[in-house]
Amino acid sequence: MNFEIVAKDVMGRIGKFKTPHGTVETPTILPVVNPNIELIPPKDLKKFGAQMVITNAYILYRTRREEAIGKGVHKLLGVDLPVMTDSGSYQLMMYGDVEVSNGEILKFQSEIGSDVIVPLDIPTPPDADYNTALNDLTVTLEREREAVKYKGESLLALPIQGSTHMDLRRKSAEEALKIGGDVYAIGGIVPLMDTYRFQDVVRIILEVKSVLPSNAVVHLFGAGHPMMFSLAVALGCDLFDSAAYALYAKDDRYLTPYGTKKLEELHYFPCSCPVCIKYTPDELREMEKEKRERLLAEHNLYVSFEEIRRIKQAIRENTLFELVESRIRVHPNLLKAWRIVKEYEDLLESYDPFIKHSFFYTGIESCYRPAVRRHQNRVLNVEIENDDIVISSDEGDLADFYLKAPFGVVPAEMMESYPAGHSEVPPPELMEEEALRTAVEGLLKFLSAHPSKTFRLRVGSIWLKYLKDLPKNVVIECLDRKED
Ligand code: GUN
Ligand code: ZN
């Protein structure tokens, strides 16, 4: 086993990933190192928090083949960190052709001592027609089968392709699993990232995760923006590569976990990394291009790793839902994307830990957390001794059960325990309708589980419009009856 999970939250985890050059704590970002363009010396990447890097084997193969074989990739780059090598598939995607065979580039990656090797997969673009995606996938899978014999001491990453066809994504994951990789790398999503099609990205990740076992290491190729790290980690991605830190710097763009800023629009730096403390935006703008680009790249790396540490802390304290629910509010496409998880509630529920310290409600997405549905199901099994039962929406009332959004019915004895009793939720008057509706759904399930009992439902008037069509064994009393 080269992956040990040490903490979990949502579908995310902190793991220890063992490579021939040492153990890496995931989730983490692998900065992309271009062996021929030195923006930040690879040996300096550790100070930003990098534990592993990724470089392009195809570029090395074309430009520095003998040197790479002679020295090995670690010496050539000057790093003692684990190095993953990509095969050149990205060049294939961008430029349509590469002059190397799958066998050659795999053999080369193994010869230069790469810690994680990648076959020459075919990244089919989004929305490709079905037959194109299927044919590409057939070739990719053939190349993955061939890759096993080149592994040597290295670990093997198996790319997952299939364009935006979800059955092909699942098939890709199923077949890769049969071949047996050390890492499963979801690919072909760069065009989706570039156009902010996060809904498609979320769906692809969830379909792939529904096939892979929970202890499979998942890499998300080409997702280098800190804005979406928390979401991707929450869906169970462990490794990311970032070319973004350098590409954005080249364009004078400044990364933050809540979006990208153009250097020209910044009056102040909203960050306390060494770069942002030392310089003002004006000073950076006045610098020569090369220095400015390096400093922006440094900032971009600092904020990227800062976000990763924030996510890891959230996993440790089981507040990853709260973090994701705040991050998705930075872009409507992220918000729409996160709402897709509602369609995968069984999958989510199979991962998310049962016990946490607290439940902070942040908006309607909080209603989709497994804790809510689990609570509603658990309450169905609570034994009721009395025949006349009082359910109240007022926690100050003496009652057998309480009605609390978004949880639904909460037995008095569970008012001090997680989740309903350890929750911070606004009063119903200030809550989204979805939360009240979710509570009422729970209430209805509960009532229909006890057809022979009679219920007195004492509620504030805010609840009344959601309480139409109740069963006959329920009498409603309004706690703040208005004469209208
Ligand atoms: N880098 C970004 N996307 C991809 C992909 O789909 N496959 C590989 N091998 N590398 C990538
Ligand atoms: Zn900064």
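Since every read-out is calculated from the coordinates, none of them should be taken as a lab result. Note that the coordinates shown come from a computational prediction; the quantities given were computed from them, not determined experimentally. Note that each Cβ is placed from the backbone with ideal geometry, even for glycine, and that neighbours are counted across all protein chains shown.
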*Using alpha-carbon positions, what is the distance between the centroids of the stretch 152-168 and the stretch 231-293, in Å?*
30
*Eight or more residues apart or on different chains, and alpha-carbon atoms under 27 Å: count the Lys pairs in the stretch 123-259 matching that.*
8
_Within the chain, longest stretch free of exposed trypsin sites (Lys or Arg not before Pro) [DSSP loop, at most 10 other beta carbons within 10 Å]_ = 1-467
_Residues whose placed amide H lies under 5 Å from that of Y184, excluding near-sequence neighbours_ = L158, V217, V218, H219
*Within the chain, helix-based [θ] at 222 nm, where runs of 4 or more DSSP H residues each add -39,500 (n - 2.57), nearest 500*: -11500 deg cm²/dmol
_Amide H of F359 versus every other amide H placed in the peptide plane: which residues, excluding those fewer than 5 positions away on the same chain, fall under 5 Å?_
S423, E424
_Cα lying deepest toward the dipole's positive end in the chain, options N333, C271, V475, charges on Cβ_ = C271
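How high is the relative contact order of the stretch 93-217, in percent, counting Cα pairs under 8 Å that sit 6 or more residues apart? Provide the component values of the computation, followed by the final result.
Numbers: 187 pairs, mean separation 30.2, N = 125.
Answer for the stretch 93-217 is 24 percent.
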*asked:* Give the list, by residue number, of cysteines in the chain with no other Cys Cβ closer than 4.7 Å, or say none.
replied: C237, C273, C367, C478
*Mark the label point 7 Å from the Cα of N131 along Cα→Cβ and return the residues of the stretch 79-123 whose backbone N is within less than 11 Å of it.*
none
*Where in the stretch 246-268 is the amide nitrogen less than 18 Å from a point lying 7 Å along the Cα-to-Cβ axis of K289?*
246-254, 263-264
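What is the gain in length, in nm to one decimal, between V139 and I37 on full extension, counting 0.36 nm per residue of separation less the C-alpha to C-alpha distance? Could the numbers behind the result be given before it?
Values: separation 102, 0.36 × 102 = 36.72 nm, distance 3.20 nm.
Length gained, V139 through I37: 33.5 nm.
Give the percent of DSSP beta bridges with both residues in the stretch 1-154 that are antiparallel, rounded to the nearest 5.
Values: 11 of 18 bridges.
Just about 60 percent of them are antiparallel.
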*If the chain between C478 and T23 were fully stretched, how many nm would it gain, using 0.36 nm times the residue separation less the Cα-Cα distance?*
157.7 nm
*For the stretch 249-346, state which GluC sites (Glu not before Pro) are in a DSSP loop and have at most 10 other beta carbons lying within 10 Å of their beta carbon.*
E288
*Under-5 Å amide H pairs with D352, H placed in peptide plane, nonlocal only*: none
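Report, in debye and to the nearest 20, how large the dipole of the chain comes out about its Cα centre when Lys and Arg carry +1 and Asp and Glu carry -1 on their Cβ.
Values: 59 positive and 74 negative charges, 153 e Å.
Here the chain has a charge dipole of around 740 debye.
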*Can you figure out the FRET efficiency of H422 with T63, using R₀ = 60 Å and their beta-carbon distance, to the nearest 0.05?*
0.55
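Going through the stretch 347-378, which chymotrypsin sites (Phe, Trp or Tyr not before Pro) have at most 13 other Cβ atoms within 10 Å and a DSSP loop state? Don't skip to the answer; put the middle values down first.
Working: sites: Y351, F354, F359, F360, Y361, Y368; in loops: F354, Y361.
Those that pass, being in a loop and sparsely packed, are F354.
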